[in-house]
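Note sheet for the following structure.
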Amino acid sequence: MSDINISALIENRINNGILGQWYPVAKTVQVNSISPLGVEVLGEKLVLWRNEKGLVQCLKDSCPHRGAPLSHGIIHKDHISCRYHGIVVSGQGTIINVPAMKDCTLEGQKAVKAFEVREFYDAIFIYIPSAENPKAPPLKAPKEFISEDWSGILCTSVWQTNYRYALDNLADPMHGSFLHAESFTLGFGSKEDLMDVEKTENGFIARRTGQVDKNFDWVEFEIYNGTMFCFLDIPYPSAAGPGGSMRIVGFVTPINDSSCKVFFWRMRRVKGIQRESWRFLYRAELESKHWKVLEQDREILEAMSDNARENEKLYQHDIGVGNIRYTLYSQAKLNVDYDQNVENKA
Ligand code: FES
Ligand SMILES: [Fe+2]
């Protein structure tokens, strides 16, 4: 295949989302054993439900008979049945029963793709396999999730924009001083600065050079085989209670090529009674302020045209944006190169 075609495949892969990754798709409270939940990830429709033991099951949301969505079906403990003609499918994707026909040969067939699931820190993560990594690597948890010192509250939002713009936005601390200038916590510090990028063991930090911990001054991306997330600190005034800066741990999940879902854990370093008071203060006072900030991000990104990146003129501040784009490019290239190698050998 020509270099031009390979480039187009890589661009297409980036635009639709990287394969071979764990993605958060829902809050844990959204998945129960009463009604199935349909979600979309990288353009793939999936159904989720909890079995008898409370474990989350995940299948492609398509009945093996004639493709009706299983998310409209009925949960039977480990299994789910289709609303259309009643076929029963197990959590592993095997057809258990075809009630409309005795001894139907479909029974026993593994006919629906099943996905690996992890439930972690109030979110459900699904592994979207790649050809080179059909089995899920370990889901790498942010250190704040496994530390007793931190307490976090998950917020999610669907943004009608390609996920690449949401990642660009996170890799771009300079926007805090402008887009969020009127907010409770992001109006401080200088509006003029330079940026640099430091490579870390598992990713990179993009930071302002002229100030630290005055505003949204840096972001760190951690990139592992199968997991990618970022974190950043928002300095807090003492009126916002104990625990110092608020840390945001962020994942971005592509829904399809024109929408994404952001998962932001708002975290503070608080324990014991401080933990309880921060969670109370957050719910009572801070959450609405945070939503205003998040809505500013959503509104500006949704207002950008799908092809905004084709006409941009980047400058020094976009060094973090360049790094996250290069990361996606490298990941997509791995997906595409593997497919090409298989095709060439065939
Ligand atoms: S389409 Fe599901 S049972 Fe017919
Ligand atoms: Fe923002």
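Observations
- For residue 193, the conditions (1) surrounded by 15 or more Cβ atoms within 10 Å (Cβ to Cβ); (2) in a helix (DSSP H, G or I) all hold with the exception of (2).
- Filtered residue count, segment 246-304, keeping only those that are of a type in the set (Ser, Thr, Tyr), surrounded by 18 or more Cβ atoms within 10 Å (Cβ to Cβ) and at pLDDT below 95: 1
- Residue in segment 141-152 that is under 25 Å from residue 19 (Cβ atoms) and touching a helix residue (DSSP H, G or I) at 6+ places or on another chain (Cβ under 9 Å) present: no
- Qualifying positions in segment 197-219 - touching a strand residue (DSSP E or B) at 6+ places or on another chain (Cβ under 6 Å) and more than 16 Å from ligand 2 (Cβ to nearest atom): 197, 198, 202, 203, 204, 205, 209
- Residue count for segment 161-188 satisfying the condition of being within 12 Å of ligand 2 (Cβ to nearest atom) and not in a helix (DSSP H, G or I): 7.
- Enumerated strands (runs of 3 or more DSSP E) restricted to segment 32-127, each holding at least 2 residues that are closer than 28 Å to residue 17 by Cα and without any contact (Cβ under 8 Å) to a residue 60 or more places away in the chain: 37-41, 44-50, 56-60
- Residue 27 being outside the structural domain of residue 100 (by TED's automatic domain parsing), more than 16 Å from ligand 2 (Cβ to nearest atom) and surrounded by fewer than 20 Cβ atoms within 10 Å (Cβ to Cβ): yes
- Verdict on residue 214 being without any contact (Cβ under 8 Å) to a residue 40 or more places away in the chain and either loosely packed, with under 14 Cβ neighbours inside 10 Å or assigned to a strand (DSSP E or B) (or both): no
- Total residues in segment 232-264, condition more than 20 Å from residue 301 (Cβ to Cβ), part of a strand (DSSP E or B) and in contact with a helix residue (DSSP H, G or I) (Cβ under 9 Å, 6 or more places away or on another chain): 2
- Scan of segment 196-243 for residues that are out of contact with any Lys or Arg (no Cβ under 6 Å at 6 or more places or on another chain) and on the phi > 0 side of the Ramachandran plot, ordered by number: 203, 213, 226, 241
- Exactly one residue out of 207, 164 is in contact with a Phe, Trp or Tyr (Cβ under 6 Å, 6 or more places away or on another chain) and in contact (Cβ under 8 Å) with a residue 12 or more places away in the chain: that is 207.
Residue by residue, here is whether (1) basic (Lys, Arg); (2) over 30 Å from residue 14 (Cα atoms); (3) within 16 Å of ligand 2 (Cβ to nearest atom) holds:
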site: 34; (1), (2), (3): no, yes, no
site: 51; (1), (2), (3): no, yes, no
site: 65; (1), (2), (3): no, yes, no
site: 69; (1), (2), (3): no, no, no
site: 87; (1), (2), (3): no, yes, no
site: 110; (1), (2), (3): yes, yes, no
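- All of (1) small (Gly, Ala, Ser); (2) assigned to a loop (DSSP other than H, G, I, E, B); (3) farther than 18 Å from residue 254 by Cα hold for residue 206 with one exception: (2).
Condition check ((1) outside the structural domain of residue 97 (by TED's automatic domain parsing); (2) surrounded by 13 or more Cβ atoms within 10 Å (Cβ to Cβ); (3) of a type in the set (A, V, I, L, M, F, W, C); (4) under 25 Å from residue 306 (Cβ atoms)) across all residues:
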| residue | (1), (2), (3), (4) |
| --- | --- |
| 13 | yes, yes, no, yes |
| 51 | no, yes, no, no |
| 63 | no, yes, yes, no |
| 78 | no, yes, no, no |
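The values are calculated or read from the model by the stated rules, or taken from the named source; none is laboratory data. Keep in mind that what you see is a predicted model, and the values were worked out from it rather than measured. Every residue, glycine among them, receives a Cβ derived from its backbone with ideal geometry; neighbour counts consider all protein chains shown.
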